[in-house]
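Working notes for the structure below.
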Amino acid sequence: MKKLLPLLLAAVLAPQVAQADVRITEWMYSGGSGEFVEFTNLGSSAVDFSGWSYDDDSQLAGVFDLSAFGLVAAGESVIITEIDAATFRMDWSLASSVKVLGGYTNNLGRADEINLFNAGGTLVDRLTYGDNVAAGGPRTQNASANAGSFAALGANSATSWVLSAAGDAEGSYVSLSGALGNPGSSAFAAAVPEPESYAMLLAGLGLLGGIARRRQRA
Ligand SMILES: [Ca+2]
Ligand SMILES: [Ca+2]
Ligand SMILES: [Ca+2]
């Protein structure tokens, strides 16, 4: 086990980096010019969205095709919204370079779920929320929500998410239609764990291994 652990970790960590680093980074279920969801590539290399898809709480891969996002650069945030892309960009004063896919019809509700799938149909990230149900989380009506910490990203814990506020770390602002949010960027894109974080993770696992060995001896 002592020798196997580093090999296992290397095998598990290496191939997953490219897709595991794409996260749901913002959502608003109602208000403004229309609901939206933002995905951000928090990794250090581009991710090809060909064949990737989105669905709400029916959890089906392939429902809303995200292929048109193409190659999403490291740190880039992309958006899906129910209205058309041009209207969304105008409302939020976004540059034409910000990738927006409009016209999805899943219609996120007050209690719902955001599911992101890769080309193989494997779930990449999920966020289940509902301020009026057990899942919890903020009510994202006319204000979007952002993960309260880096650890909250990908954790599917809506209660760890916070509403956008003017002057927050995400640079949230009021859209022309009066909604509050920060579509098109994520403050967490600049906070990707560095290699030393992985070293800390490995050290932590080593510590656990040590505890397990001591228990075995006891
Ligand atoms: Ca909605
Ligand atoms: Ca729904
Ligand atoms: Ca954002």
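The values are calculated or read from the model by the stated rules, or taken from the named source; none is laboratory data. Keep in mind it's a predicted model, so treat the numbers as computed, not measured. Glycine also receives a Cβ, built like all others from the backbone with ideal geometry; neighbour counts cover every protein chain displayed.
Scanning the range 62-78 for residues that are within 14 Å of residue 105 (Cα to Cα) and touching an Asp or Glu at 6+ places or on another chain (Cβ under 9 Å) returns 62, 63, 64. Can we say residue 98 is of a type in the set (A, V, I, L, M, F, W, C), surrounded by 15 or more Cβ atoms within 10 Å (Cβ to Cβ), under 18 Å from the mean Cα position of the chain (by Cα) and assigned to a loop (DSSP other than H, G, I, E, B)? Spelling it out, residue 98 is indeed of a type in the set (A, V, I, L, M, F, W, C), surrounded by 15 or more Cβ atoms within 10 Å (Cβ to Cβ), under 18 Å from the mean Cα position of the chain (by Cα) and assigned to a loop (DSSP other than H, G, I, E, B). If you go through the range 150-170 and keep only what is over 11 Å from the mean Cα position of the chain (by Cα), more than 18 Å from residue 183 (Cα to Cα) and assigned to a loop (DSSP other than H, G, I, E, B), you end up with just 157. The numbered conditions (1) among the charged types (D, E, K, R); (2) crowded, with 19+ Cβ neighbours inside 10 Å; (3) more than 16 Å from the chain's Cα centre (by Cα) are all true for residue 112 except (3). Among the criteria (1) more than 16 Å from ligand 2 (Cβ to nearest atom); (2) under 18 Å from residue 189 (Cβ atoms); (3) at pLDDT 95 or above, the one residue 44 does not fulfil is (3).
Any residue at all in the range 6-17 that is surrounded by fewer than 23 Cβ atoms within 10 Å (Cβ to Cβ) and either assigned to a loop (DSSP other than H, G, I, E, B) or modelled with pLDDT of 95 or more (or both)?
Quick first cut of the range 6-17, residues surrounded by fewer than 23 Cβ atoms within 10 Å (Cβ to Cβ) only: 6-17.
So of that shortlist, the ones also either assigned to a loop (DSSP other than H, G, I, E, B) or modelled with pLDDT of 95 or more (or both) come out as none.
No, the range 6-17 contains no residue that is surrounded by fewer than 23 Cβ atoms within 10 Å (Cβ to Cβ) and either assigned to a loop (DSSP other than H, G, I, E, B) or modelled with pLDDT of 95 or more (or both).
Residue pairs whose Cβ atoms lie under 8 Å apart, separated by 6 or more positions or on different chains, with the first residue in the range 157-182 and farther than 17 Å from residue 29 by Cα and the second in a strand (DSSP E or B) and of a type in the set (D, E, K, R), are 170/26.
Within the range 76-95, restricting attention to residues that are of a type outside the set (A, V, I, L, M, F, W, C) and surrounded by 17 or more Cβ atoms within 10 Å (Cβ to Cβ), the residue that is farthest from the chain's Cα centre (by Cα) is 91.
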